[in-house]
Amino acid sequence: MSKWIPQEEYIETIARATSYAGLSFTDTAGRPIMFRSTHSMEAWQGPGGNMDPDETPWECALRECREETGMVFTGPKKLLAFHFLAQNADWPLNKFGVIFDGGMLTDEQIKGIVLDPDEHTEVCVCTIEEWEEILTPVAFVRLRATYEARRTGTVAYLEL
């Protein structure tokens, strides 16, 4: 039987983590839409980012989408993927992420995206096969799992 300890002491014994949330979009042909990060020219991603204090994953995904693309998403809450990243030499905390389905964007909506220049430099629409040639292997695994979750109506669980 374990002994009760005060909350402050207990918190020191459990893993700490950060969290992120984002949306995943396709065009009307079902091709994933990604954005080139300003932080790394090799990094392509959907709109999303770290959760603020007292923010839910859904609220974070909506806020990040609005900030990074200028789009106000009003679609349903549909989870596509849950992503876990273990702490490592580059980052001292575990990280959890959720990716929601942003649905399909028309050509007009894609042209109307207003990128935050501090976050992204360009928008790209490619087939899943083309993304495999562009993305890092880990980024492609996440995109592929999210793409398949949308296609099959399931939720992907990733540990990358």
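Points to keep in mind about this one:
- For segment 81-93, the tally of residues that are assigned to a strand (DSSP E or B) and more than 11 Å from L158 (Cα to Cα) stands at 2.
- Failed item, numbered, when D101 is tested on (1) in contact with a helix residue (DSSP H, G or I) (Cβ under 7 Å, 6 or more places away or on another chain); (2) open to solvent by 50 Å² or more (accessible area, probe 1.4 Å); (3) in contact (Cβ under 8 Å) with a residue 24 or more places away in the chain; (4) charged (D, E, K, R): (2)
- Given (1) out of contact with any Ser or Thr (no Cβ under 6 Å at 6 or more places or on another chain); (2) buried (at least 20 other Cβ atoms within 10 Å of the Cβ), index of the condition K77 fails: (2)
- Residue satisfying all of: in segment 36-51; surrounded by 14 or more Cβ atoms within 10 Å (Cβ to Cβ) and small (G, A, S); nearest to K95 (Cα to Cα) among these: G49
- Residue selected from segment 18-35 under the condition touching a strand residue (DSSP E or B) at 6+ places or on another chain (Cβ under 7 Å) and open to solvent by 50 Å² or more (accessible area, probe 1.4 Å), by the criterion farthest from T127 (Cα to Cα): T28
- Selection within segment 133-147 - open to solvent by less than 60 Å² (accessible area, probe 1.4 Å) and part of a helix (DSSP H, G or I): A139, F140, L143, A145, T146, Y147
- Restricting the first member to segment 127-150 and to residues that are within 13 Å of G46 (Cα to Cα), and the second to residues that are assigned to a helix (DSSP H, G or I) and open to solvent by 40 Å² or more (accessible area, probe 1.4 Å), the beta-carbon pairs closer than 6 Å and six or more apart or on different chains are F140/E132.
- Considering residues of segment 52-66 that are among the acidic types (D, E) and surrounded by fewer than 15 Cβ atoms within 10 Å (Cβ to Cβ) only, the residue nearest to K77 (Cα to Cα): E59
- Among the residues of segment 148-160, those that are surrounded by 12 or more Cβ atoms within 10 Å (Cβ to Cβ) and within 16 Å of the chain's Cα centre (by Cα) comprise E148, A149, R150, V155, A156, L158, L160.
- Extreme residue, least open to solvent (accessible area, probe 1.4 Å), among residues of segment 1-17 that are small (G, A, S) and assigned to a loop (DSSP other than H, G, I, E, B): A15
The values are calculated or read from the model by the stated rules, or taken from the named source; none is laboratory data. Computed from a predicted model, the values in this text were never measured in an experiment. A quick note on method: Cβ atoms are made from the backbone with ideal geometry, for glycine too, and the neighbour counts reach across all protein chains shown. These accessible areas exclude ligands, DNA and RNA; they are computed on the full protein's heavy atoms, side chains included. Shrake-Rupley method; radii C 1.70, N 1.55, O 1.52, S 1.80 Å.
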